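The values are calculated or read from the model by the stated rules, or taken from the named source; none is laboratory data. Computed from a predicted structure; not experimentally measured. No Cβ is skipped: glycine too gets one built from the backbone with ideal geometry, and neighbour counts run over all protein chains shown. Keep in mind that these areas ignore ligands, DNA and RNA; they rest on the heavy atoms of the full protein, side chains included. Shrake-Rupley method; radii C 1.70, N 1.55, O 1.52, S 1.80 Å.
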Amino acid sequence: MSSVEAGPLLAWFSQHRRRFPWRTPFPRDPYLVLVAEVMLQQTQASRVAVLFPRFLERFPTLDLLAAASEDEVVAAFAGLGYYRRARLLHRLAREVAARGWPRSSSELVRLPGMGPYTAAAVAAFAFGELTPPVDGNLCRITARLFAVNSVLRSPTLSAQAHAFARKLVATHPTPEIFEALMELGATVCTPQQPQCAICPWATHCAAFRGGKPSAFPLPQPARTKETPTWVALWVENAAGEVLLRQLTEPPLLGLWLPPLHRGDGDPQYRAAILAQEAGLVANPSLVGSLRHHITHRRITVLLFRAAPPLGVREEANGFRWASPSALLPTSSLAEKLARLAHRSRAKGEAP
DNA sequence: AACTCGGGGCC
DNA sequence: GGCCCAGAGTT
């Protein structure tokens, strides 16, 4: 590990640091660090930068988050994905509101939603602890610097990354080192086409000297991919409300969406089943399709439209009417479906 | 150790 | 298209 030193990294970071709303001076407000780090789990910073301010406006303090209902918290997470994070964040807020903040990573890691990475990050950025948060960036940098033949999230590579960061921070004892490492990984030592020409450590990097920096870490084993077809039913009443149903199993468990049929069979028949379950007599008609990706699934959604029931605003079991702006736990899929429904209506297709 | 869980950005 | 992202929980 030898000649790789923190100095060049910190010098580079001082010139190339990106501005993010959670990057306030150290030590940071633990609540801000918490929300940012949970959102950043498996989510690119540019994406979090869009939704982080909205969430903090909705829940400015940990006590307000703890006082909210779980559904309100999940609704504020809409569009971020991995909604289990929102539920765990809510549980965590209630524990901390009741008992106060643990200040060490070894205690933080026992809280819901806090794994080794997030606990170390909160401890470092909010409380000054110098235990390295080991994330994908640090692991990738470590794999390249030392030509480690491991896949990204293997225990062996994580251990080497932890040891490397610990040596670095020993010479410059500031949590800024950890943020600089992540920034280098996110903007220079990137997964594909790393920018070795501007890397402060290129001359010390085994992967760079070997000529193929992107060969490290080793590629992940291929995932099996599914390409299911879902059927969705769009029903809008005279008040402009849309019929929604809560999903009772993953994926998207607990979220409110237009009624979905996620089985197999003839699409028109599946749409008729949805209409029947919703207590509708109208015959659904196809209005269009869209693609949606979640984890290893590449989903085609066929959207059908059906007329609302006349008169009474009935809500069959598990269904409810809601205006598009209603604060319900939902997915970005809901917005895609709404856009498709309104496009098709604008083109004059039959309701 | 292997799976599951969203969604978007980037090639 | 395929790959990956400031991971954690469950089996």
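Considering (1) within 14 Å of A:Val4 (Cα to Cα); (2) in a helix (DSSP H, G or I); (3) open to solvent by 10 Å² or more (accessible area, probe 1.4 Å), the lone condition that A:Pro200 does not fulfil carries the number (2). Given the conditions (1) in contact with a helix residue (DSSP H, G or I) (Cβ under 9 Å, 6 or more places away or on another chain); (2) within 15 Å of DNA strand C (Cβ to nearest atom); (3) farther than 19 Å from A:Met114 by Cβ; (4) assigned to a loop (DSSP other than H, G, I, E, B), which single one is not true for A:Phe13? So A:Phe13 meets the others, but not (4). State whether one or more residues within segment A:35-43 are away from DNA strand B (no atom under 16 Å from the Cβ) and assigned by TED's automatic domain parsing to the domain that holds A:Gly115. No. A search for C-beta distances below 8 Å between a residue of segment A:103-126 that is under 17 Å from A:Phe26 (Cβ atoms) and assigned by TED's automatic domain parsing to the domain that holds A:Ala93 and any residue that is basic (Lys, Arg) and open to solvent by less than 30 Å² (accessible area, probe 1.4 Å), counting only pairs 6+ apart in sequence or on different chains, returns A:Phe125/A:Arg28; A:Ala126/A:Arg28. The residue list A:Ser158, A:Ser154 contains one member that is open to solvent by less than 20 Å² (accessible area, probe 1.4 Å), hydroxyl-bearing (Ser, Thr, Tyr) and out of contact with any Leu (no Cβ under 8 Å at 6 or more places or on another chain), which is A:Ser154.
May I ask you to list the residues in segment A:295-320 that are more than 13 Å from A:Pro259 (Cα to Cα) and buried (at least 16 other Cβ atoms within 10 Å of the Cβ)? Talk me through it step by step, then tell me what you get.
Quick first cut of segment A:295-320, residues more than 13 Å from A:Pro259 (Cα to Cα) only: A:295-300, A:307-314.
Answer for segment A:295-320, where residues must be more than 13 Å from A:Pro259 (Cα to Cα) and buried (at least 16 other Cβ atoms within 10 Å of the Cβ): A:Ile299, A:Ala307, A:Pro308, A:Pro309.
Of all residues in segment A:67-90, those that are open to solvent by 20 Å² or more (accessible area, probe 1.4 Å) have Cβ atoms under 7 Å from Cβ atoms of residues that are in a helix (DSSP H, G or I) and acidic (Asp, Glu), 6 or more apart or on another chain, in A:Arg87/A:Glu70.
Out of curiosity, is A:Leu243 open to solvent by less than 40 Å² (accessible area, probe 1.4 Å), touching a Lys or Arg at 6+ places or on another chain (Cβ under 8 Å) and more than 16 Å from DNA strand B (Cβ to nearest atom)?
yes
For segment A:257-288, a residue qualifies if it is in a helix (DSSP H, G or I) and within 24 Å of A:Arg339 (Cβ to Cβ), and the qualifying residues are A:Pro267, A:Gln268, A:Arg270, A:Ala271, A:Leu274, A:Ala275. Scanning segment A:1-38 for residues that are without any contact (Cβ under 8 Å) to a residue 12 or more places away in the chain and under 26 Å from A:Leu89 (Cβ atoms), we see that the one that is least open to solvent (accessible area, probe 1.4 Å) is A:Thr24.
A Cβ distance below 8 Å, combined with a sequence gap of six or more or placement on separate chains, defines the contacts here; from segment A:147-166, residues that are more than 12 Å from DNA strand C (Cβ to nearest atom) reach residues that are aromatic (Phe, Trp, Tyr) in the pairs A:Ala147/A:Phe216; A:Val148/A:Phe216; A:Asn149/A:Phe216; A:Gln160/A:Phe146; A:Phe164/A:Phe146; A:Ala165/A:Phe178.
Among the residues of segment A:208-240, those that are within 15 Å of DNA strand B (Cβ to nearest atom), open to solvent by 70 Å² or more (accessible area, probe 1.4 Å) and touching a residue at least 60 places away in the same chain (Cβ under 8 Å) comprise A:Pro219, A:Gln220, A:Pro221, A:Arg223, A:Thr224, A:Lys225, A:Glu226, A:Thr227.
In the set (1) touching a residue at least 60 places away in the same chain (Cβ under 8 Å); (2) surrounded by fewer than 14 Cβ atoms within 10 Å (Cβ to Cβ); (3) in contact with a strand residue (DSSP E or B) (Cβ under 7 Å, 6 or more places away or on another chain), A:Ser323 fails one condition alone, (3).
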